[in-house]
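Participant: One structure, pasted below without further comment.
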Amino acid sequence: MFGLVAKNTVAQVGARVFFILFSLVLVRLLTTFLGRDGYGVYGFITAIVLMAGTVADWGTAIITTREASTHEDKQKRMFGTALTVRLLLSLCALVLVGVVVRVYPPWREFIIPMTIASFVLVFLSIKTSLVIVFQTFLRLERSALVEAVGSAAFVAIAALFLLRGGGINGVMVGWVVATALSVGFAWVLARRLTPLVFQFDVRFFKRLVAEALPMGALLLVFSIYNRIDIIILEHFQGVGVVGIYNLAYKIHENLILGAAFLMNAAFPILSHAFARRSSSDIRTLYHKIFGILGLGGFVVALLFFIFASPTVRILTGSQYPQFIESVTALRILVFATFLSYFNHLTGYSLIAFGKQRVSLLIGILALVFNASANLLFIPKYSWVAAAAITVSTEFIVFFLSSYALWRAIRVLPSLLLLPKTAHELLVKRGKIL
């Protein structure tokens, strides 16, 4: 079983290499053709739309994965019910974006590109519904392949529109079309694992709603505090400053994906171990993952702290002088990257152990701190405040979630595990999961 975790993680990382290459090309295209302000508009719109994406998900994906992993005889009905519910939620999210952008006066200048981008919510919801299938069957290499194909399509279509003067509207059309193509590809791959039908299991629906309500609120809270700084920056400092900060934050988001891949693969196993009430298995798996994430987070943070300047230069090319402040922003955010590696473990573990209400409380506290601090300091300190507050928020989440896990399963994180994990990785040639 541990070997499957390693296999799925490596498959995702391999596909992510291609995704990052495509992302480099995309960012270079966006900064070259749109400039700092245009890139800021892109970052602002995607932040709003992806925040609405949390409404379209509302915790149903992770809850369905957990339940399907422990009830193999009911998987088909669970997948069908989740697909139906998530599709309806995505339509609600689409309408929400359309209403907000038209009602809130400062955002009316973004009506056209944001309306176009909002249609991506439906396709993202369906794609994530199919990822539930891949994750449950521990076939996340298929999910990684879908992401790679979608990324390649986005770059190609966006490049076509930009070269023909399509601007930000063309980029958003490219995002929607590429996501739709990736959905078609994912559907074909998922059908090879299980039948996909729009079934509706009332009993599972009731359980899904009961479990997803706090989980969805948790995801919404975390989504808001992950993107509230961009919204506040746009309000007080303008889209140019958003462009500076968003470039550094995009790099940070890509750097933490290694942790997300590992936890996507390990989550069904953690859920299964908890369902069996196997304390020794839970602690062993937790400590192994903690050590791997700690080492990975440290190496990634150190490398990009050192090479922040050439990274930004590669991404911006001739526009580098406009984005030079992104170098300092990235060097601050890599500390958040390191902490985020641990927070992926603590967050997924709390959910696997049925403690999503505790996670929600932690998220609310983090949001209150994050929003208050950003409102207080961004008007004076701009993106520097946003980056520093992101680091502080990650630390608060790590401290609180680690305490909650100690209360739940009597396991504590320890940096002393890192040398032990490094030695085990060398001796076993990486095969410790």
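The values are calculated or read from the model by the stated rules, or taken from the named source; none is laboratory data. As the structure is a computational prediction, the values presented were derived from the model and not from experiment. All Cβ positions, even for glycine, are placed from backbone atoms using ideal geometry, and neighbour counts span all protein chains on display. These area figures cover heavy atoms from the full protein model, side chains too; ligands, DNA and RNA do not enter into them. Shrake-Rupley method; radii C 1.70, N 1.55, O 1.52, S 1.80 Å.
Rundown of residues vs (1) without any contact (Cβ under 8 Å) to a residue 24 or more places away in the chain; (2) within 23 Å of residue 20 (Cβ to Cβ); (3) among the β-branched types (Val, Ile, Thr); (4) open to solvent by 40 Å² or more (accessible area, probe 1.4 Å), yes/no style:
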| position | (1), (2), (3), (4) |
| --- | --- |
| 218 | no, no, no, no |
| 222 | no, no, no, yes |
| 231 | no, no, yes, no |
| 235 | no, no, no, yes |
| 238 | no, no, no, no |
| 250 | no, yes, no, yes |
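Participant: Same structure, new question: With respect to residue 131, is the statement that it is modelled with pLDDT under 80, β-branched (Val, Ile, Thr) and assigned to a helix (DSSP H, G or I) true?
Facilitator: Numbers: modelled with pLDDT under 80: no; β-branched (Val, Ile, Thr): yes; assigned to a helix (DSSP H, G or I): yes.
So residue 131 does not fit the description; no.
Participant: For a quick check of your reading of the model, give me the residue pairs whose first member lies in the stretch 319-334 and is assigned to a helix (DSSP H, G or I) and open to solvent by 20 Å² or more (accessible area, probe 1.4 Å), whose second is at pLDDT 95 or above and aromatic (Phe, Trp, Tyr), with beta-carbon atoms closer than 6 Å and at least 6 apart or on different chains.
Facilitator: From residues that are assigned to a helix (DSSP H, G or I) and open to solvent by 20 Å² or more (accessible area, probe 1.4 Å), the pairs are 331/305.
Participant: Let me ask something else. Of all residues in the stretch 168-182, how many are over 20 Å from the mean Cα position of the chain (by Cα) and open to solvent by less than 20 Å² (accessible area, probe 1.4 Å)?
Facilitator: Result for the stretch 168-182: 3.
Participant: Could you please give the count of residues in the stretch 346-357 that are of a type in the set (A, V, I, L, M, F, W, C) and either touching a Phe, Trp or Tyr at 6+ places or on another chain (Cβ under 6 Å) or surrounded by fewer than 21 Cβ atoms within 10 Å (Cβ to Cβ) (or both)?
Facilitator: Final tally of qualifying residues: 2.
Participant: Quick one: how many residues across the stretch 139-152 are open to solvent by 20 Å² or more (accessible area, probe 1.4 Å) and either closer than 21 Å to residue 170 by Cα or not in a helix (DSSP H, G or I) (or both)? Before you say what the answer is, go through the steps one by one.
Facilitator: Step one: list which residues in the stretch 139-152 are open to solvent by 20 Å² or more (accessible area, probe 1.4 Å), which gives 139, 141-142, 145, 147, 149, 152.
Filter once more, so that each one left must be either closer than 21 Å to residue 170 by Cα or not in a helix (DSSP H, G or I) (or both): 139, 147, 149, 152.
Within the stretch 139-152, residues that are open to solvent by 20 Å² or more (accessible area, probe 1.4 Å) and either closer than 21 Å to residue 170 by Cα or not in a helix (DSSP H, G or I) (or both) number 4.
Participant: Still on this structure, please answer the following. Going by the conditions given, is residue 94 in a helix (DSSP H, G or I), touching a Leu at 6+ places or on another chain (Cβ under 9 Å) and under 20 Å from residue 182 (Cβ atoms)? Don't jump to the end; show me each part of the working.
Facilitator: Values: in a helix (DSSP H, G or I): yes; touching a Leu at 6+ places or on another chain (Cβ under 9 Å): yes; under 20 Å from residue 182 (Cβ atoms): yes.
Answer is yes for this residue.
Participant: While we're here: Looking at 297, 238, which is the one that is modelled with pLDDT of 75 or more and over 20 Å from the mean Cα position of the chain (by Cα)? Spell out the reasoning first.
Facilitator: Details: 297 fails: over 20 Å from the mean Cα position of the chain (by Cα).
Among 297, 238, only 238 is modelled with pLDDT of 75 or more and over 20 Å from the mean Cα position of the chain (by Cα).
Participant: Contact list please: Cβ distance under 8 Å, first residue in the stretch 168-185 and touching a residue at least 40 places away in the same chain (Cβ under 8 Å), second residue crowded, with 18+ Cβ neighbours inside 10 Å and acidic (Asp, Glu), pairs at least six apart or on different chains.
Facilitator: These pairs meet every condition: 182/147.
Participant: On to the next question. Within the stretch 358-377, count every residue that is open to solvent by 20 Å² or more (accessible area, probe 1.4 Å), in contact (Cβ under 8 Å) with a residue 24 or more places away in the chain and not aromatic (Phe, Trp, Tyr).
Facilitator: Here is the first cut: in the stretch 358-377, the residues open to solvent by 20 Å² or more (accessible area, probe 1.4 Å) are 358, 360-361, 364-365, 367-369, 371-372, 375-377.
Among the residues that remain, those that are also in contact (Cβ under 8 Å) with a residue 24 or more places away in the chain are: 358, 360, 364-365, 367, 369, 371, 375.
Next cut, not aromatic (Phe, Trp, Tyr) only: 358, 360, 364-365, 367, 371, 375.
Here the count works out to 7.
Participant: For the stretch 84-117, what are the residues that are farther than 14 Å from residue 41 by Cβ and in contact (Cβ under 8 Å) with a residue 60 or more places away in the chain?
Facilitator: If the condition is that a residue be farther than 14 Å from residue 41 by Cβ and in contact (Cβ under 8 Å) with a residue 60 or more places away in the chain, then 84, 85 are the ones that fit.
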